[in-house]
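A.B. asks: This structure is in structure tokens; I'll ask about it shortly.
The values are calculated or read from the model by the stated rules, or taken from the named source; none is laboratory data. This structure is a prediction, so every number in the text was calculated from the model and none was measured. Quick reminder, even Gly has a Cβ in these numbers, built from the backbone with ideal geometry, and neighbours come from all protein chains shown.
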Amino acid sequence: MFLYLTTDGLTINKSGGRFVIYNPHQDAKRETPISLIEWIVLIGNIQLTTQVIKACLKGKIPVFFLSKRWNYFGKLDSIEIKNVELLYKQIQASMDEWVSLNYAKSIVYRKIENSRIMLLRWSRTYDISTIDISKKLYEYSEKVKYVDNIDSLRWIEWVSARVYYQWFSKFIQKPFEFNGRNRRPPRDEVNSMLSLGYTLLAQTIQMMLDIYNINTQIWFYHKPKDLRTLLVLDMMEMFRARVVDDMVIRVINKEAIVPEHFILLEDEESRPVYFTDEGLPKFLNEYYKTVFKKKDDFNLRNKFLRLRIIEKEIETFKQSLSTGEFQYEGFKIK
């Protein structure tokens with residue numbers, strides 16, 4: 001079970017083998033067996049008792065903390081290095097300029113190619129031609145193969161992302177509009193969905209990297225501006241279009257999310273747009289169904305389609321480090 005809590009003022013207590021979630025606004029309680037919880041996401045001002053914190057650390061249940069504006073503060077988790085040899089090889093790969101560049105090239109190449117493939121898929125669904133832009137993105141992905149420094153790679157990734165989002169906008173149906181990517185804060189409904197979706201995707205990848213004992217602060221592509229989990233950002237690039245962008249187009253077109261689920265904060269200079277208290281749980285539920293929903297009850301290996309895709313890629317990434325060969329191709333949409 002993945003527990004998302006979004007109501008300010010909630011308190012989580014522990015009673016025996018259960019967490020008790022108390023809502024003071026409704027004077028209501030909800031109990032959840034601790035053994036069923038895999039992770040917890042707290043959005044807003046929610047209180048944990050010391051007993052709950054201890055139980056999470058003991059049970060290795062990560063707790064993620066976000067603001068109502070989806071700023072990611074960090075997570076509560078037990079510190080445990082189980083595979084020192086893997087950590088050493090990961091550091092070795094990251095410190096080797098050429099090896100690190102090759103990992104970064106694989107990530108960016110797959111990001112561009114996956115974006116191109118998703119545009120082609122959407123074009124068939126919504127009968128919008130993307131042949132010209134597909135060729136353009138293909139040219140950018142081919143340029144990645146010949147890059148010999150990280151700055152040139154970042155420039156190609158930046159330009160291709162701008163081109164991609166220009167065409168992504170064509171699949172956004174009225175009454176929503178999308179005129180390019182903006183964030184921190186998002187200034188329209190679509191960017192608000194993308195920003196939150198990417199934050200949730202980052203948490204999912206963080207969880208899978210933790211499960212496979214891969215250090216998330218040793219990077220290959222993103223610049224180390226602070227002590228953020230940069231490897232999460234690296235790996236996330238390859239899944240943005242397949243998981244989040246595709247979901248945003250789908251929830252808009254089936255009207256699962258509507259303009260009334262957002263609020264414009266006009267009294268703030270940046271005029272940010274955020275989910276309302278009604279809209280936020282709906283979007284969280286859509287993400288949960290997208291990533292964690294059962295595909296086939298009789299096929300346990302593919303129990304969770306997109307989660308399994310992410311897990312398999314993390315597994316492949318780990319294998320590339322474990323063998324010491326440092327050969328990694330990145331996630332390819334099939």
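A.B. asks: It is to be established whether one or more residues within the range 67-89 are assigned to a loop (DSSP other than H, G, I, E, B), closer than 28 Å to LEU321 by Cα, under 23 Å from the mean Cα position of the chain (by Cα) and among the polar types (S, T, N, Q).
C.D. replies: Yes, some residue in the range 67-89 is assigned to a loop (DSSP other than H, G, I, E, B), closer than 28 Å to LEU321 by Cα, under 23 Å from the mean Cα position of the chain (by Cα) and among the polar types (S, T, N, Q).
A.B. asks: Continuing with this model, one more query. Would you confirm, using the coordinates I've provided, whether ASP148 is at pLDDT below 90 and acidic (Asp, Glu)?
C.D. replies: In short, no.
A.B. asks: Within the range 149-160, track down each residue that is surrounded by fewer than 19 Cβ atoms within 10 Å (Cβ to Cβ) and under 17 Å from PHE239 (Cα atoms).
C.D. replies: TRP158 - this is the single residue of the range 149-160 that is surrounded by fewer than 19 Cβ atoms within 10 Å (Cβ to Cβ) and under 17 Å from PHE239 (Cα atoms).
A.B. asks: Between SER100, SER115, which is assigned to a helix (DSSP H, G or I), in the same structural domain as THR316 (by TED's automatic domain parsing), closer than 22 Å to GLY324 by Cβ and at pLDDT 90 or above?
C.D. replies: That would be SER100, the only listed residue that is assigned to a helix (DSSP H, G or I), in the same structural domain as THR316 (by TED's automatic domain parsing), closer than 22 Å to GLY324 by Cβ and at pLDDT 90 or above.
A.B. asks: What is the one condition in (1) over 15 Å from ASP234 (Cα atoms); (2) touching a helix residue (DSSP H, G or I) at 6+ places or on another chain (Cβ under 7 Å) that SER94 does not satisfy?
C.D. replies: Evaluating SER94 over (1) over 15 Å from ASP234 (Cα atoms); (2) touching a helix residue (DSSP H, G or I) at 6+ places or on another chain (Cβ under 7 Å) leaves (1) as the failure.
A.B. asks: Can I ask one more? Is it the case that some residue within the range 58-81 is among the basic types (Lys, Arg) and free of Cβ contacts under 8 Å to residues at least 24 places away in the same chain?
C.D. replies: Yes, some residue in the range 58-81 is among the basic types (Lys, Arg) and free of Cβ contacts under 8 Å to residues at least 24 places away in the same chain.
A.B. asks: Can you report the number of residues in the range 8-32 which are in a loop (DSSP other than H, G, I, E, B), aliphatic (A, V, I, L, M) and under 13 Å from GLN51 (Cα atoms)?
C.D. replies: So the answer is 0.
A.B. asks: Test TYR109 against the stated conditions and say whether it is surrounded by 13 or more Cβ atoms within 10 Å (Cβ to Cβ), farther than 18 Å from LYS223 by Cβ, aromatic (Phe, Trp, Tyr) and at pLDDT 90 or above.
C.D. replies: Yes, satisfied.
A.B. asks: For the range 161-178: of the residues being over 22 Å from the mean Cα position of the chain (by Cα) and without any contact (Cβ under 8 Å) to a residue 40 or more places away in the chain, which is surrounded by the most Cβ atoms within 10 Å (Cβ to Cβ)?
C.D. replies: Looking at residues that are over 22 Å from the mean Cα position of the chain (by Cα) and without any contact (Cβ under 8 Å) to a residue 40 or more places away in the chain, I get GLU177.
A.B. asks: Also, quick follow-up: Is it the case, given these coordinates, that LEU200 is surrounded by fewer than 21 Cβ atoms within 10 Å (Cβ to Cβ) and either farther than 19 Å from ASP77 by Cα or of a type in the set (A, V, I, L, M, F, W, C) (or both)?
C.D. replies: No: the conditions fail for LEU200.
A.B. asks: Can you tell me how many residues within the range 1-29 are without any contact (Cβ under 8 Å) to a residue 40 or more places away in the chain and acidic (Asp, Glu)?
C.D. replies: 1
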